[in-house]
Amino acid sequence: MAKNYVYQYDKKYWPDYHTANSLEWVITNGLGSYGGGTLTGGLSRTHQAYLIASLHPPIERYVTLEMISDWLKVEDEGYDLETSQHLIDGKTVYKNGYEYLTDVSYDGTIGFRYAIKHFTMHKTIALKRETNTVVIDYTLKNGSKTDATLVMTPWFNFREHNTLTSAEQVDFSTILTGDTLSLVPSSYPNARIDFSVSEGTYFEKEDKIDRDSQLQIEVDLETEGLCSHYTPYEIEVSVPSHCTKHVSVVCSVITSDSLKGEGLLQAASDCMVASDTANRIISAVNEYYDALIEQAGHSDDPLYSRLVLDADHFIVKRESTGKKTILAGYPWFTDWGRDTMMAFTGLTLCTRRYEDAKEILETFADYLHNGMIPNMFPDNGAEPLYNSVDASLGYFFATFKLLIYTENDPYLSDEEKEYYREFVKEKLYPALKTILKSYMEGTDYSIYMLPNGLLHAGSNLDQITWMDVRVGDMVVTPRHGCPVEINALWYNAICTVSYLADRFANSCSDNKDYVRDALHYGRLAISVRGAFLETFWNPLLNYFNDVVDGDAIDTSFRPNQLIALALPFSRNMVPITMKRAVVDKAYKELYIGTGLRSLGEKDPNYHGQYRGALSKRDLSYHQGTAWAFLIGSLVTAYKNAYGNRSQVKKELKKILEPIILHMSEENCIGGICEIFEGDSPHSGRGCYTQAWSTGETLRAYSEDIVQ
């Protein structure tokens, strides 16, 4: 199968230092561990390193091997390939190794090719699947008449991935055993870093600390952005004249509760890494991605393949449950309920990863509490948080989609289809009924059903919809009462249970309970549908109110009503004229190409820039900042409003064109940013690749354009 999902870059992408470092890359391993850097192999943020290891997947992520700085001696001249910036005596000093870089490729691994005179070096980095191990393959080709020398200097650290370390904080115990250097951090004595090379001579450095590396993204966020690293050895590799060789580097993180400190250090041994070790692991990673793309179907479609590749980054193992979960985004989010349910269809069903989908829904069912699924599994292993009204409602959408996808997959056998049908019936259906009952009777965060059937949510300092920023005691976007998308999700939840009950009643001999549920929730859905239109449609403005709380009505034009129009059962809830009025206005006033503004720019509360310190950014997060995941709702709502004609599909493809360009040339290679500034040029901000941005783009592309 041709690898049509590879991203290729040449020198035109790095004309100067800052342009070169504006594009990032990420690699992952299925555990929540990840690696990343800039297009030129440098570092620009705290969340970048060759290996950021998740010690208790997918949480407790620690930067370990930050990078390897390379220096070459070719034809008796020295060349520094390091791209970096340091603060020295109050001045920023740059190293411009990118000037020797000729091309970069990304396909889930990252490859850098350098050329100096008659010498070429191809450096490829990958994470081994489901192991806290990074491998680096150096392919060295010396076409000159004299021997050449490669000098590698690994930068080590052991810091949480959202922190920085000073020179005083960098402290390791080390032992060199053959070709393996082992390091135990004083800050985490039950962990060990093993760094092994297939060949090379270690030379101990006199000064073992690289001081005050300056990370430009952190500086842009109005922090000092300085980090120091442990660089105890240089490793020299000789490359004879007219010789081609592979050198493998393998770096792993090992944890042990039984061995600590010197005991863990003494357990180190020479790993005997072979010259082709890294290359073999890289090949296995490539085969893994090829298989995923083939499994998803549409492998002849480059965009589909690239979205499947990015989708894989978010699906990881959770150690505490032994099942799969979805990380909300890289580089800093963990698994969030709201994000999971929004991203679920695209990441798991459009990629035909049905067993992963099953495990994810099973995990959230196991954590059901007071009729709510978790909104967040914290990074420190604490108890889950349940501060979301929409995560549980999105659970209905995900369940419905799992059943529809598996029943209509022509490649599944009848037995496999029955397997997933029984899972929904026996495991998920009872959970859905529990959620409905709790929401109807009242549960946490002032969530309860009103007499007219609509759902009320939130009070005081609660921030439980997706517009959830609070700065101290100020809720930036208070949406207490009846938010429009929450009540559309509520209507769809009720319709989903009625639909499932009807399905199960027709396939079950003892069907009295299912028949009763189908009738009861069917009647409730009719009531909610009428109340929804009466409450939210604003005939004077010709769009839906955003929030209604008694006599208080928020008429802000926001994209939440697009979410409402894109849900499966909403197609029968809203008349076509209303759909078209909303879609046309959103397309004109909110769409920026890579996302939709959270508030129209004519609104007096609009903030068009998202930058600076966190307190500044929070004030604009949902007040004009554009969100990529909303592209999915726009595409589906547009199709629901205008049909499935070929001309409509052309318009839908046009909507996605800026996203496709963004994936190649902005922020993170292959990823879709969480947010974008509302003001032109709409710079990408927030997480450089977000689960629901990718998931919703893939879902909309698959369901509304490809099919």
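Listed cross-link partners Lys12/Lys588; Lys588/Lys616; Lys95/Lys260; Lys317/Lys653 are compared with a 29 Å cut-off, the Cα-Cα value being larger for Lys12/Lys588; Lys95/Lys260; Lys317/Lys653. Each of Trp332, Trp537 was scored by other Cβ atoms within 10 Å of its Cβ. Arranged with the fewest first, they read Trp332, Trp537.
When the Cα positions of His682, Ala148, Tyr638 are compared along the charge dipole of the chain, Tyr638 comes out farthest toward the positive end, with charges on each C-beta of Lys, Arg, Asp and Glu. Taking 0.36 nm per residue of separation and subtracting the current Cα-Cα distance, fully stretching the chain between Arg523 and Ser275 would add 82.4 nm.
What's the local net charge at Asn667, with K and R +1, D and E -1, over the other residues with C-beta under 11 Å away? Walk me through the intermediate numbers first.
On the way: positive: Arg685; negative: Glu24, Glu665, Glu666, Glu674.
Summing Lys and Arg as +1 and Asp and Glu as -1 gives -3.
Between the amide H of Ile110 and those of Ile125, distances stay under 5 Å, these residues lying 5 or more places away or on another chain, with hydrogens modeled in the peptide plane. Restricting the chymotrypsin sites (Phe, Trp or Tyr not before Pro) of the stretch 376-441 to loop positions (DSSP other than H, G, I, E, B) with no more than 15 neighbouring Cβ atoms within 10 Å leaves Tyr411. Each label point was placed 7 Å from the Cα along the Cα-to-Cβ direction; for Asn511 and Tyr448 their separation is 3.7 nm. Here's the list of lysines a cross-link from Lys141 could span, going by alpha-carbon distance under 21 Å and ignoring same-chain residues fewer than 8 apart: Lys11, Lys73, Lys117, Lys123, Lys245.
Quick one: Cα centre-to-centre distance for the stretch 647-707 and the stretch 171-237, in angstrom? If we compute the Cα centre of each part, the gap is 37 Å. Write out the trypsin sites (Lys or Arg not before Pro) in the stretch 628-676 meeting two conditions: DSSP loop, and at most 15 other Cβ atoms within 10 Å of their Cβ. Of the trypsin sites (Lys or Arg not before Pro), the ones in loops of the stretch 628-676 whose Cβ has at most 15 other Cβ atoms within 10 Å are Arg645.
Within the stretch 480-536, none of the trypsin sites (Lys or Arg not before Pro) combine a DSSP coil assignment with at most 10 other C-beta atoms in a 10 angstrom radius.
Roughly how tilted is helix 277-296, in degrees to the nearest 10 and between 0 and 90, from the longest Cα axis of the chain? Orientation of helix 277-296: about 20 degrees from the principal axis. Pairwise alpha-carbon distances in the stretch 576-707 exceed 22 Å for 35% of all pairs.
Note on the stretch 73-149 and the stretch 470-549: Cα centroid distance 56 Å, given to the nearest whole angstrom. Taken about its Cα centre, the chain carries a charge dipole of roughly 2200 debye when the Cβ of each Lys and Arg holds +1 and the Cβ of each Asp and Glu holds -1. Ranked for footprinting exposure by Cβ neighbours inside 10 Å, fewest first, Cys251, Cys673 give Cys251, Cys673. Computed with the Debye formula from one identical point scatterer per Cα of the stretch 7-287, without solvent, the log10 of I(q)/I(0) at q = 0.10, 0.15, 0.17 Å⁻¹ comes to -0.48, -1.17, -1.55. Shown for Arg571, Arg61: other C-beta atoms within 10 Å of each C-beta, ranked fewest to most, produce the order Arg571, Arg61. For the stretch 7-287, the dipole from Cβ point charges (+1 on Lys and Arg, -1 on Asp and Glu) about the Cα centre works out to 620 debye, to the nearest 20. Placing R0 at 25 angstrom, the Cβ-Cβ distance between Thr149 and Asp16 gives a FRET efficiency of 0.30 after rounding to 0.05.
The long axis of helix 429-441 is offset from the longest Cα principal axis of the chain by roughly 60 degrees.
Percent of C-alpha pairs per 20 Å bin in the chain, short distances first: 17, 49, 28, 6, 0.
Each value in this text was obtained by applying a stated rule to the coordinates, not by laboratory testing. Only a predicted model underlies this, so the values are computations on that prediction, with no experimental measurement involved. Here Cβ is always computed from backbone atoms with ideal geometry, including for glycine, and neighbour counts include all displayed protein chains.
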